[in-house]
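**Q** Before anything else, here's the structure in question.
Just so you know, all these numbers are worked out from the coordinates, no wet-lab data involved. Here the structure is a predicted model, which is why all the values come from computation and not from measurement. Cβ placement follows ideal geometry from the backbone for every residue including glycine, while neighbour counts extend to all protein chains displayed.
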Amino acid sequence: MHTRHHPARARGAVIAILVLAFTALLAGVAHADEDADVWRMEGDDRFGTAVAVSEQQPYYQFPEDIIVATGMNYPDALAAGPAAHQPGAGRGSILLTARNVLPSVTEDRIGDILPDTIYLVGGTAAVSREVEAELYRLANDVERIAGPTRFHTAAEVSRTFFSGTGGDVVVATGTDYPDALSGTPLARAAGGPALLTARDHLPSPTEDELSRLSPDRVFVIGGTAAISDSVISEIRSTTSAEVFRIAGANRYDTSARVAELISGRQAFVATGEDYPDALTGGALAGYGGDPVMLVAQDHAPEPVLEQLREREAEEIIVLGGTSAVSSSTEEELRYYEQGGGNGNGNGPCPPEPGSPC
């Protein structure tokens, strides 16, 4: 369901599909002598961190359009993430709101940007009409993108921002967030959408949107505890795309395995114990072809450290404050990650027969 609450300007902007240079990742472990350059994007809370991410937008600090989603649940922001940070289409980052109150830090950032259009993702159960009215004061146009369920909303986001025929699509569970957190940067780096599924069946709006998109590849994020094999079978019967499951032993391992498909020279790190920081930071990470990997609050799991060593990222950006990722974890990242890039450019790895890499 699309509901416009102000006549939209004739826009003429075409959704830019990112053309990716597919190159292989090096597998060697780095042994450089210098510690990594580690720094934070953080605010006082999830809303402030989203603003801090927004302020790091390269080259287009004041985009024509922005996206706003609830900061109190993950599905809407997950689906909206791949559509954010699209300079060719004039779109900036995702900002977060509470259901009934627009946080002052979010309002101030929107006031700085003065966007033409605000895309409000999610229904009134997620973001109230009162907040919508506040947003209307801050832009020429407010367009709510919503459906009766989170699966419908994700499909509506895809239909709004992404053309069909070819490319990559990410499918993540719509019922829990840990595995799904890594999907936004992968989808954004590939220039495709993120769709949601139930564990045991492919919801009809997701199936319909996959048919419309007709992708070349579908990346399913998470193991069978998150998305069953029967869903993969349904995806294969819906589209002629190659379908790859990307999964690890746990959320941290899964995030490291997803990172193997994204060959940017930076690495973003966020807590795996909550969702807001990874979701808002994931869109910016994917814009640069960089991954988001998950850590515990008080330590960096070994699969993540191993992936950091292998990719030789030039810098590590920690999303969120010390209540999300502790100072000791930050130091652990600085010690284990080594400087220098992998030299492979940005974007998911090249397709090989029977494997995404």
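**Q** Can you check what the net charge comes to around G281, using other residues whose Cβ is under 13 Å from the Cβ of G281 (Lys, Arg +1; Asp, Glu -1)?
**A** Charge balance near G281 sits at -2.
**Q** Still on this structure, please answer the following. What spacing in nm lies between the two simple spin-label points modelled at R137 and H299, each 7 Å away from Cα in the Cβ direction?
**A** 4.9 nm
**Q** Which of the trypsin sites (Lys or Arg not before Pro) found in the range 115-187 are in a DSSP loop and have at most 14 neighbouring Cβ atoms, other than their own, within 10 Å?
**A** In loop regions of the range 115-187 (DSSP not H, G, I, E or B), the sparsely surrounded trypsin sites (Lys or Arg not before Pro) are R137.
**Q** Moving to a separate point now. Please work out, to two decimal places, the log10 of the ratio I(q)/I(0) at q = 0.26 Å⁻¹ from a Debye calculation in which every Cα of the range 163-247 carries one identical scatterer.
**A** Computed log10 I(q)/I(0) values: -1.42.
**Q** Once you list every other residue whose beta carbon is under 12 Å from the beta carbon of S54, what net charge do they have if Lys and Arg are +1 and Asp and Glu are -1?
**A** -1
**Q** Sorting check: for 280-292, 242-254, which peptide has the highest mean count of neighbouring beta carbons within 10 Å, and how do the rest follow?
**A** 280-292, 242-254
**Q** So what is the relative contact order for the range 49-146, in percent, with contacts set as C-alpha pairs under 8 Å and at least six apart?
**A** Relative CO of the range 49-146 lands at 31 percent.
**Q** Around L195, with a cut-off of 12 angstrom between Cβ atoms, what is the net charge of the other residues, counting Lys and Arg +1 and Asp and Glu -1?
**A** With Lys, Arg at +1 and Asp, Glu at -1, the net is -2.
**Q** Here is a further query. Over the range 162-228, what is the relative contact order in whole percent, taking alpha-carbon pairs under 8 Å and six or more residues apart?
**A** Here the relative contact order equals 49 percent.
**Q** Can you give me the long-range amide H partners of D116? Hydrogens built in the peptide plane at 1.01 Å from N, cutoff under 5 Å, separation of 5 or more residues or another chain.
**A** D65
**Q** How big is the C-alpha Rg of the range 49-146 next to the rule-of-thumb value 2.2 N^0.38 Å, as a ratio?
**A** Taking N as the residue count of the range 49-146, the ratio is 0.94.
**Q** How much length, in nm to one decimal, is gained on full extension between D176 and T124, taken as 0.36 nm per residue of separation minus their Cα-Cα distance?
**A** Here the answer is 16.6 nm.
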